[in-house]
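What follows is one structure encoded as structure tokens, with my remarks underneath.
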2 protein chains.
Amino acid sequence: MKLVKQVARDLRYSPNIAARSLSRRRTETIGILLPDLYGEFFSEVIRGMDTTARQHKYHLIISSSHNSKAEIEAALRIMSGRVDGLIIMSPHIDASALHSNLPGALPVVLLNCHVDGSNFDAINIDNYKGAHGVVTHLASHGHKRIAIIKGTEENIDAQERLRGYRDAIKASSAEYSTSYEFPGDFTEASAYKAAIRILNTNPQPTAIFASNDAMAIGALSALRVHNTSVPGDIALAGFDDIPIATYITPSLTTVRVRISDLGVLAVKRLLEAIHNKKEHARRRIVLGTEVVARESCGCTVMHND
Amino acid sequence: MKLVKQVARDLRYSPNIAARSLSRRRTETIGILLPDLYGEFFSEVIRGMDTTARQHKYHLIISSSHNSKAEIEAALRIMSGRVDGLIIMSPHIDASALHSNLPGALPVVLLNCHVDGSNFDAINIDNYKGAHGVVTHLASHGHKRIAIIKGTEENIDAQERLRGYRDAIKASSAEYSTSYEFPGDFTEASAYKAAIRILNTNPQPTAIFASNDAMAIGALSALRVHNTSVPGDIALAGFDDIPIATYITPSLTTVRVRISDLGVLAVKRLLEAIHNKKEHARRRIVLGTEVVARESCGCTVMHND
DNA sequence: ATTTCAAATGTAAACGTTTACATTAAGGTT
DNA sequence: AACCTTAATGTAAACGTTTACATTTGAAAT
């Protein structure tokens, strides 16, 4: 080892980050803006981001719980000074809000956001195809009345999953009616309530597609309490394939999203933009999904040992 | 509004954070060091930290997936320059490692760490009492052979929960034997395997205490696959009370930890240390727990609607 | 030994704030 | 009107790096 390095270590020297940032005009930090940090989905995404960022010697600064447009705009402004780029996950944001709250040159990646043809890097889940696929699967079991528990209204994922559901129903021999569409907000509790409403519907649906796994679990709980067997009386499917989906009873038929890959991709894309600021070409990436048939739809009894 | 402010807004002025940090000698950022970012437990903790930090206009910089002592020491050094204080959650760290990798003046709060009487602010869960309580509860149902699925060996929470389990067994009419202690690592998968080993034990235990809820869920899954009814054939209890514990089938008897409060407390304590650097008195806080009896131990049938 | 080029070293300005201090202005008291 | 106190304003140094540029040094080539 070079003498200098040895001495540096002896003196416990470590460069002052603020001075370095000031001088170099970069912080080696990327910002993550989330609506909320709740449940396994988000911790998986962040895990992907964190490991990828660290591989490239970047740091992650996280700000969550922005549930109104005003809040997220404030967060944008506050964050923008301390990061080299931003990953934004929020249903509340649109292109004009971004332009008016961010320095124009700041690289941005939109994750699971509604992108109205605006020129931003964006990563989305293939919600439409995933929902279409799993609902088609439910229909293939012969179900005629398939209910959906919807996600938060303004959420683009929720909207696309609903669209996939509707088109799949229409394309199948199942019955299409908006009376089979029940509101939810991606939490277990909201789905618990929705499931009870579904049980009180006449004629009763024989299958439920929950717009995410957390809601599928909430619905399952309500069905159990009301002595309704899954998949015997009512079949059930979710969306996301969070780790726990394999382990619940019955195991959950769902749509697999490589959740942590979302985070990995977002960070990679952002770093690309940061490093090639000039000639970086913005584009939209859609992450594919895959239907995973487990017990809750009545397909199989799984043995995962 | 003052004219200056108006003009400032018009020009889209925002102060340069790096320059401000350099000049003020503080970053208004606190660092979080985690071993891993996995499952609901961590997202809850971070949520508590994030909201509390934001209330005080502080930012959170997060670094996870440090699973060896070398990694976490590297992370300590890298982080220390960019934050005003550090919250550390890691089984791999000890006082000397902290002292030799951090500037002495940097405020630190240890969360769920092993604190060997060293002079640090620390926050811990009352693991011993919680485990003792829930195991005593299982014993009160008349179980004589109560197994435990242990957590990661070097983890202090795991050690304390084991200690609580052992003391509770000895204090009850149940049978104490280390052959009822099965290894696990806090993941569903590890508990799945452990549960199968438990089923093959002769005589078979009639109750299982899993050292966290994720493992309880993993064990439950294995029991179901092997046609073992819970709580009919085997009673089950977990630890943490993650949100999903209410919603699984059967609902999970567990030990409630106000998880997000852990994060809230840690941040508050750290901010206190940052602001009162001189006369801040370090101390250890132990967060109480509460046994929550649900279905999986055979207590009641819950109706949560 | 002189020239040429590259490499090593040294120097100083810049990065954009904050803060401490000095100066000036203003207001109130005798 | 002279004096004191407080407030407002202005000035300059400091924060700890990086980087661009100038200078010196060293080595290779003629």
Worksheet item: Roughly what % of DSSP beta bridges within chain A run antiparallel, to the nearest 5?
Response: 10 percent
Worksheet item: Exposure proxy check: B:Phe182, B:Phe120, B:Phe239 ranked by fewest other beta carbons within 10 Å?
Response: B:Phe120, B:Phe182, B:Phe239
Practice prompt. Beyond 23 Å, what share of the Cα-Cα pairs of region B:156-247 is found? Please give it as a whole percent.
Written response: 18 percent
Worksheet, complete the sentence: The summed charge of the A:Leu34 Cβ neighbourhood (under 11 Å; Lys/Arg +1, Asp/Glu -1) stands at -1
Discussion item. Counting only other chains, and only Cβ atoms inside 10 Å, what mean value do you get across the residues of B:97-103?
Written reply: 1
Discussion item. For region B:16-97, compute Rg over Rh where Rg is the Cα radius of gyration and Rh is the Kirkwood radius from the inverse mean 1/r over Cα pairs.
Written reply: 1.00
Worksheet item: In degrees between 0 and 90, to the nearest 10, how far off the longest principal axis of chain B does helix B:69-80 point, with axes built from Cα atoms?
Response: 30 degrees
Fill in: Sites A:Asp94 and A:Ser14 - FRET efficiency at Förster radius 56 Å, r taken between beta-carbons, to 0.05
0.85
Fill in: Rounded to 10°, Cα long-axis angle of helix B:39-55 versus longest principal axis of chain B
30 degrees
Discussion item. Compute the helix-to-body angle for A:259-275: its Cα long axis versus the longest principal axis of chain A, expressed 0 to 90° and rounded to tens.
Written reply: 30 degrees
Worksheet entry | Reference-scaled alpha-carbon Rg (2.2 N^0.38 Å with N residues) for chain A | 1.16
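Using only Cα atoms, what Kirkwood radius does region B:228-305 have, in angstroms?
About 14.8 Å for region B:228-305.
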Worksheet item: Roughly what % of DSSP beta bridges within the protein assembly as shown run antiparallel, to the nearest 5?
Response: 15 percent
Practice prompt. Rank by packing, highest mean first: peptides A:81-92, A:278-289, B:166-177, with packing defined as the count of other Cβ atoms within 10 Å averaged across residues.
Written response: A:81-92, B:166-177, A:278-289
Response to the item:
For peptide A:77-90, the mean count of other chain Cβ atoms within 10 Å per residue Cβ is 2
Discussion item. In whole Å, what are the extents of region A:211-263 along the principal axes defined by its C-alpha atoms, from largest to smallest?
Written reply: 39, 17, 15
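Calculate for chain A the 222 nm mean residue ellipticity that helices alone would give, adding -39,500 (n - 2.57) per DSSP H run of length 4 or more and normalising by residue count, nearest 500 deg cm²/dmol.
One gets -12500 deg cm²/dmol as the mean residue ellipticity at 222 nm.
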Discussion item. Just to be sure I understand: of the beta bridges DSSP finds with both ends in region A:1-146, what percent are antiparallel, rounded to 5?
Written reply: 0 percent
Worksheet item: Using the per-residue mean of other Cβ atoms lying within 10 Å as a proxy for protection, in what order, highest first, do the peptides A:186-193, A:60-67 fall?
Response: A:186-193, A:60-67
Worksheet item: Going by how many other beta carbons lie within 10 Å of each one, how would you line up B:Glu71, A:Glu40, fewest first?
Response: B:Glu71, A:Glu40
Worksheet item: Which whole-angstrom value gives the distance between the alpha carbon centres of region A:155-174 and region A:9-54?
Response: 38 Å
Worksheet item: Under a 5 Å amide H to amide H cut-off, with H placed in plane at 1.01 Å, what residues pair with B:Ile87 once short-range neighbours are removed?
Response: B:Gly31, B:Ile32, B:Leu33, B:Val109
Discussion item. Starting from the Kirkwood Rh over alpha-carbon pairs, what translational D in µm² s⁻¹ does the protein assembly as shown have by Stokes-Einstein at 37 °C and 0.692 mPa s?
Written reply: 128 µm²/s
Worksheet item: In whole Å, what are the Cα extents of region A:1-146 along the three principal axes, biggest one first?
Response: 77, 38, 25
Worksheet item: Say each of B:His141 and B:Arg197 gets a label point 7 Å from the Cα, pointing the same way as Cα to Cβ; how far apart are those two points in nm?
Response: 2.3 nm
Discussion item. If R₀ is 45 angstrom, what is the calculated FRET efficiency for the pair A:Tyr176 and A:Ala70, using the beta carbon separation as r and rounding to 0.05?
Written reply: 0.75
Item to complete: Against the globular-protein guess of 2.2 N^0.38 Å, express the Cα radius of gyration of region A:82-192 as a ratio, rounded to two decimals.
Response: 1.31
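Read-outs throughout are calculated quantities, based only on the coordinates presented, and are distinct from any laboratory measurement. None of these values were measured; they are calculated from a predicted model. Every residue, glycine among them, receives a Cβ derived from its backbone with ideal geometry; neighbour counts consider all protein chains shown.
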